[in-house]
Amino acid sequence: MSYIDSNLLAGEHVVFRTRLHWKLLIGPVLFMLVTVLPIAWLLAQGSWSNFGLIPPGLGLFILLAALIKRRSSDFAVTNMRVMMKTGVIRTRSVELLLGKIEAIAVNQSVGGRMFGYGDIVVTGSGGTEEAFSDIQAPLELRRAVQSVTAAQSTPVKTTSANRRPAG
């Protein structure tokens, strides 16, 4: 069970959920390719040494670490709050009540706009800022916060049927 699901309050449900973007894996995958191709060439040439396994082993370790980082990061908007958690061994979690959020800034590069990732900075009451980088679908996260906040602040129309008599 994820951090978000295990920490929901009674009556709370997830409106939007996202995680770190897959671009986090590009560097480790490229490193793996760069280290595996020379080994394939050495095997074809017949000049092989066991020391040649060190770079791909390191690349596999880096790729595994990136996969775990992406899998263990969780970002969600519920009907009551925004919840963000990163890390496995050393974790960082932030939970902000929707009523205490003053602003959500989204910063996207050209690549971020093309591939759907960006950085978010959530500003809470009192000016505290929480920043998270390389979030998948940051604009949708901001839109979810805005829609839930707007739904909560919409006044309930009163009719004569649900008005109480004076006195």
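The values are calculated or read from the model by the stated rules, or taken from the named source; none is laboratory data. Please read all numbers here as calculations on a predicted model, not as lab measurements. Glycine gets a Cβ as well: all are built from the backbone with ideal geometry, and neighbour counts include every protein chain shown. We work out accessible area using only protein heavy atoms, side chains counted, and drop any ligands, DNA or RNA first. Shrake-Rupley method; radii C 1.70, N 1.55, O 1.52, S 1.80 Å.
Please report, in debye to the nearest 20, how large the charge dipole of the chain is about its Cα centre when each Lys and Arg carries +1 at its beta carbon and each Asp and Glu carries -1 there. Present the calculation step by step, with values, prior to reporting the outcome.
Numbers: 17 positive and 10 negative charges, 87 e Å.
The calculated dipole for the chain is roughly 420 debye.
Using a Gaussian network model of the chain with C-alpha springs under 10 Å, which one of ARG70, ARG92, ARG17 is most mobile by mean-square fluctuation?
ARG92
Using modelled amide H (1.01 Å from N, peptide plane; none on Pro or chain starts), what sits under 5 Å from the amide H of SER73, excluding residues fewer than 5 places away?
It is LEU20, GLY87, by chain and number.
Considering only LYS100, LYS85, LYS23, give the residue with the highest GNM mean-square fluctuation for the chain, with springs between Cα atoms whenever their separation is below 10 Å.
LYS100
Once amide H atoms are placed 1.01 Å from N in the peptide plane, what residues at a sequence separation of 5 or more from VAL15, or on another chain, have their amide H within under 5 Å of its amide H?
VAL77, THR78, ASN79
Kindly write out, for segment 111-126 in residue order, the coupling ³J(HN,Hα) from the Karplus curve 6.51 cos²θ - 1.76 cosθ + 1.60 (θ = phi - 60°), rounded to whole Hz, with x marking Gly and Pro.
x, x, 5, 6, 9, x, 9, x, 9, 10, 10, 9, 9, x, 4, x
Per residue of the chain, what 222 nm ellipticity follows from adding -39500 (n - 2.57) for every DSSP H run with n ≥ 4, rounded to the nearest 500?
Details: 5 runs with 65 residues, N = 167.
After summing the helix terms and dividing by residue count, I get -12500 deg cm²/dmol.
For ILE68, ILE54, ILE104, ILE4, what's the largest-to-smallest order of accessible area, 1.4 Å probe? Mind dumping the intermediate values first?
Numbers: ILE68 80, ILE54 105, ILE104 25, ILE4 0 Å².
The ranking, largest first, comes out as ILE54, ILE68, ILE104, ILE4.
In nm, to one decimal, how far is the modelled label at LEU97 from the one at LEU33, with both set 7 Å along Cα→Cβ?
In this crude spin-label approximation the distance works out to 5.0 nm.
Can you tell me the order of 7-14, 145-152 when each peptide is scored by its average per-residue count of other Cβ atoms within 10 angstrom, highest first?
145-152, 7-14
Helix 138-153 versus the longest principal axis of the chain: what angle, 0 to 90°, nearest 10, using Cα atoms?
10
Counting only protein heavy atoms and a 1.4 Å probe, tell me what percentage of segment 37-76's accessible area is made up of carbon and sulfur.
On the way: 2090 of 2780 Å².
The C+S portion of the solvent-accessible surface of segment 37-76 is 75 percent.
In degrees, nearest 10, range 0 to 90: what is the angle between the Cα axis of helix 26-45 and the longest Cα principal axis of the chain?
20
For the chain, set up a GNM with springs between Cα atoms under 10 Å and report which of LEU98, LEU67, LEU53 has the largest fluctuation.
Largest GNM mean-square fluctuation: LEU53.
[x] 9, 33, 38, 19, 1; [y] 9, 26, 16, 14, 18, 12, 3, 1, 0; [z] 9, 28, 25, 15, 12, 7, 2, 1, 1, 0: which one is P(r) over Cα pairs in 10 Å bins from 0, in percent as calculated from this entry?
Working out P(r) over Cα pairs in 10 Å bins from 0, in percent from the coordinates points to [z].
Rounded, prolate or oblate, given the Cα gyration tensor of segment 89-151, with a/c below 1.5 counting as rounded? Write down the numbers at each step before the final one.
Details: a/c = 1.94, a/b = 1.27, b/c = 1.52.
Oblate.
Going by accessible area, probe 1.4 Å, with all protein chains left in place, what is the ranking of MET80, MET114, MET1, MET32, largest first? Show your work: numbers first, answer last.
Values: MET80 70, MET114 135, MET1 190, MET32 40 Å².
Highest to lowest solvent-accessible surface, that is MET1, MET114, MET80, MET32.
Hey, which aspartates and glutamates would be in cross-link range of LYS69, C-alpha to C-alpha under 13 Å, not counting anything within fewer than 8 residues on its own chain?
Within the straight-line cut-off, LYS69 pairs with ASP134.
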